[in-house]
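The values are calculated or read from the model by the stated rules, or taken from the named source; none is laboratory data. Owing to the predicted nature of the structure, the values given are computational and were not obtained by experimental measurement. Cβ sites come from the backbone with ideal geometry, for glycine too, and all protein chains shown count toward neighbours. Quick note on the areas: whole protein, heavy atoms, side chains included, nothing else; ligands and nucleic acids left out. Shrake-Rupley method; radii C 1.70, N 1.55, O 1.52, S 1.80 Å.
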Amino acid sequence: MSIESNKQELTELIYQLADDDFIHAHRGSEWLGLAPHIEEDVAFSSINQDTMGHATMYYRILSELGEGKADDLSHLRKKEQFRNAIILEEKNGTGEYLDSPNYDWAFTVIRHLFYDVAKKIRLESLKQSSYEPLADAARKMLTEQYYHLLHWKIWFKQLMTSTEEARDRMETAIKRVWKDFGGVLTLGPHAEKMVSAGLIEDEAALRERFIDQIQELFNEVNYSIDNEPLMIRGDGRNGEHTEDLEHALKTLSEVYVSDPQATGW
Amino acid sequence: MLDHLTFDQLSEEQKYDHFMDRINRDEKIEADDWMPDDYRIALIRLISMHGISEIMGALPEKEWVPKAPTLHRKLAIMAKVQDEMGHGQLLLRVAEDLMKPLGKNRDNIMSDLFTKRLKFHNVFHMASPTWGDAAIIAWLVDGAAIMSQTMMLDTSYGPYGRALKRICQEESFHAKHGESLVLSLAEGTDRQKQMLQDALNRWWDALLMFFGPKSKQETGHTNVDKNIKYKLRTKTNEQLRQEFFTKYIPKIELIGLKVPDKTVRFDEESNTWHYQDPDWNEFKQIVSGNGPKSDDRIRLRQSSYENTEWVREALGHVKTAVV
Amino acid sequence: MDEQKNGLNPFYEEFEVFSKKKEDGPLQYQFSLLAPNEEMAIVLAKENFFRREKAVDIWVVRRNAIRKLSQSEKESLKKLDKHYRETKGYADLNQRWRNFKEKQDNGTDEKKVEKA
Ligand SMILES: [Fe+2]
Ligand SMILES: [Fe+2]
């Protein structure tokens with residue numbers, strides 16, 4: 001791989017990784033102070049910090065590739081420039097984080113579990129990436145991934161095997177996340193070039209691993225699903241996004257854009 | 001001093017004397033030790049209020065977590081607010097153990113909060129409309145909290161002291177975080193400086209109120225005397241407020257901010273700061289749950305609590321069923 | 001569980017958390033937390049008490065599995081001095097050795113004493 005001739009697929013891939021982590025951590029951070037249980041609130045926040053930290057590492061790599069300042073990349077790009085999967089931008093619930101949020105814990109557990117399973121598979125593959133800074137970042141991130149997965153697996157198993165109400169809510173959440181989780185599993189329009197440049201393994205292999213691992217988790221709690229994860233609302237890797245992302249970007253950049261003369265915060 | 005009698009055989013009065021002896025010898029009282037009801041009630045009042053204040057204190061800053069201007073600030077404020085939730089965890093555990101013999105637990109603490117029977121610090125009833133407020137909170141509200149928490153580190157109640165020790169260790173990070181936020185704005189554009197000054201103006205009275213009234217005259221009652229007798233605290237409200245002035249007024253002026261009280265001055269002769277008293281009637285109103293943001297914040301806490309009731313309900317049932 | 005008997009929410013079970021800072025260090029008491037079961041308690045313990053502090057091992061124990069001392073029992077720990085079984089009860093030995101040494105140095109022909 002040479003940076004010059006593979007620049008586009010390289011940056012496209014890193015934008016996907018960075019934006020996935022960034023938006024996912026943003027949604028997680030909105031829960032701060034509102035989790036079902038104080039002890040869980042503290043634990044969940046660590047996971048969000050780790051994930052936001054990973055996004056920061058990716059934005060720095062992009063920065064080194066000449067894409068601009070990490071803070072500008074995360075706070076100034078337009079909706080269409082984001083490469084995250086649509087399922088990750090979806091709001092946590094019907095309300096706003098400051099006012100009757102009405103957040104859905106079952107949805108959060110499922111989205112986080114699925115994401116962390118997929119992320120671990122992706123990181124394992126990136127360890128072999130032909131782009132060394134990416135391989136190096138992946139190795140570092142993997143050390144934190146074990147705890148994230150452990151945490152969400154326990155929540156998943158326990159809620160799936162507790163009350164009928166919890167089981168119902170969890171099954172509804174699985175179906176909801178499943179319909180768009182394909183968006184996380186895809187590498188987007190530049191997939192082939194990414195693979196031929198040795199940046200990451202091909203989409204089908206990663207996807208198969210994901211389905212196997214989820215199937216295993218489902219088996220443990222006597223659950224099964226027929227179809228494969230879909231991408232019904234569009235491909236975020238292609239710049240397709242929903243109002244929820246627009247809204248999130250407005251919130252998270254509110255202060256950063258509020259004083260164009262400011263050089264530091 | 002117990003001679004051949006075992007502790008259980010002592011009369012209530014002897015137990016009380018034994019207890020006060022321990023307090024006066026600076027021994028630490030533990031959760032399962034005998035303690036007079038008066039002491040237990042004083043501890044529950046103090047620690048449940050402190051604990052729930054940490055939890056409610058997460059909310060005004062939490063507003064700025066997703067909005068924090070840079071990646072670094074986003075990470076740091078998340079860590080800071082997380083710590084505050086963690087402080088709430090430590091303190092509520094201490095309060096819960098004290099309440100257990102009375103048949104109460106965390107659910108009761110929450111419902112007391114929702115019905116405004118359990119009060120929280122005045123500062124967390126206030127609005128935080130700009131990023132400047134997040135900076136002033138982290139610098140000065142935490143600064144004030146550090147002073148009162150450090151003062152209690154040597155408290156006679158062992159579990160409270162251990163919680164405070166952990167808390168104070170983390171507060172040193174909060175202090176740096178706060179200073180860093182404030183300095184960035186103070187070094188910044190005119191607009192950033194103005195944002196900071198406006199926030200200071202908004203918070204000044206609340207900061208003075210934070211330490212509580214000088215004496216019984218201002219509010220009619222105070223628990224300070226009892227807390228000193230039981231060695232739960234060592235300084236009065238006014239002593240702490242004076243220390244706060246000494247530590248922060250020179251710094252506030254150094255970075256070009258103005259203290260929004262024209263009368264504030266240090267009197268060399270009496271070695272004290274003179275200042276304009278805040279409105280203590282307003283203070284009473286605020287802490288009884290009638291501050292500008294009291295209802296909103298309690299509603300937010302309550303709705304999220306009720307919204308996740310099913311989770312606690314569900315896991316309360318699996319305790320033995322899983323792995 | 002006794003919590004259930006009291007009519008309290010069984011979601012809140014008390015766990016005591018212990019940890020080791022170094023491989024060869026002692027296990028230390030940290031704090032307590034509320035969790036619905038052991039599995040949950042251990043994942044929660046990590047981030048509640050070891051966000052900055054190092055830990056190489058973490059234990060959680062249901063509080064009701066711990067037998068503690070009552071206050072009378074604790075009072076009974078305040079022992080009378082038992083000098084005869086502690087090193088500090090033998091503080092006079094050095095001086096006595098020195099006495100022998102002095103006698104030897106002064107040339108009195110008593111039995112030789114090895115250096116202490
Ligand atoms: Fe705190
Ligand atoms: Fe703090």
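Name every residue in the stretch B:46-78 that is without any contact (Cβ under 8 Å) to a residue 40 or more places away in the chain and under 24 Å from A:A70 (Cα atoms), in order of residue number. B:K62, B:V65, B:P66, B:T70, B:L71, B:H72, B:K74, B:L75, B:M78, listed by residue number. Within the stretch C:43-57, the set of residues being closer than 19 Å to A:F44 by Cβ and aliphatic (A, V, I, L, M) comprises C:V43, C:L44, C:A45. Return the pair list, or none, for Cβ contacts closer than 9 Å from residues in the stretch C:57-83 that are in contact (Cβ under 8 Å) with a residue 60 or more places away in the chain to residues that are in a helix (DSSP H, G or I), at least 6 apart or on different chains. Pairs that qualify, where the first residue is in contact (Cβ under 8 Å) with a residue 60 or more places away in the chain and the partner is in a helix (DSSP H, G or I), are C:N64/C:D2; C:N64/C:E3. It is to be established whether one or more residues within the stretch B:91-110 are in a helix (DSSP H, G or I), among the small types (G, A, S) and within 13 Å of ligand 2 (Cβ to nearest atom). No; the residues of the stretch B:91-110 include none that is in a helix (DSSP H, G or I), among the small types (G, A, S) and within 13 Å of ligand 2 (Cβ to nearest atom).
Of the residues making up the stretch B:171-202, those that are over 16 Å from the mean Cα position of the chain (by Cα) and within 16 Å of ligand 2 (Cβ to nearest atom) are B:F173, B:K176, B:H177, B:G178, B:E179, B:S180, B:L181, B:V182.
The residue list B:L118, B:L113 contains one member that is more than 15 Å from ligand 2 (Cβ to nearest atom), under 17 Å from B:G291 (Cα atoms), out of contact with any Pro (no Cβ under 6 Å at 6 or more places or on another chain) and open to solvent by less than 20 Å² (accessible area, probe 1.4 Å), which is B:L113.
In this entry, C:G89 is excluded by the filter for residues that are on the phi > 0 side of the Ramachandran plot and not hydrophobic (A, V, I, L, M, F, W, C).
Inspect the stretch A:42-51 for any residue being within 27 Å of A:S130 (Cβ to Cβ), assigned to a helix (DSSP H, G or I) and within 14 Å of chain B (Cβ to nearest Cβ) and give the result as yes or no. Looking for residues that are within 27 Å of A:S130 (Cβ to Cβ), assigned to a helix (DSSP H, G or I) and within 14 Å of chain B (Cβ to nearest Cβ), one finds at least one in the stretch A:42-51, hence yes. B:E54 falls short on exactly one of the conditions (1) within 13 Å of chain A (Cβ to nearest Cβ); (2) open to solvent by 10 Å² or more (accessible area, probe 1.4 Å); (3) away from ligand 2 (no atom under 16 Å from the Cβ), and that condition is (3).
Restricting the stretch A:98-128 to residues that are part of a loop (DSSP other than H, G, I, E, B) and open to solvent by 10 Å² or more (accessible area, probe 1.4 Å) leaves a set whose member that is farthest from the other protein chains (Cβ to nearest Cβ) is A:Q128.
Residues in the stretch B:67-89 that are within 7 Å of chain A (Cβ to nearest Cβ), within 16 Å of ligand 1 (Cβ to nearest atom) and open to solvent by 10 Å² or more (accessible area, probe 1.4 Å): B:A79 alone. Scanning the stretch B:112-119 finds one or more residues that are modelled with pLDDT of 95 or more, on the phi > 0 side of the Ramachandran plot and more than 16 Å from ligand 1 (Cβ to nearest atom). The set of residues in the stretch B:286-311 being out of contact with any Phe, Trp or Tyr (no Cβ under 6 Å at 6 or more places or on another chain), at the interface with chain A (Cβ under 7 Å from one of its Cβ atoms) and of a type in the set (S, T, N, Q) consists of B:S303, B:S304, B:N307.
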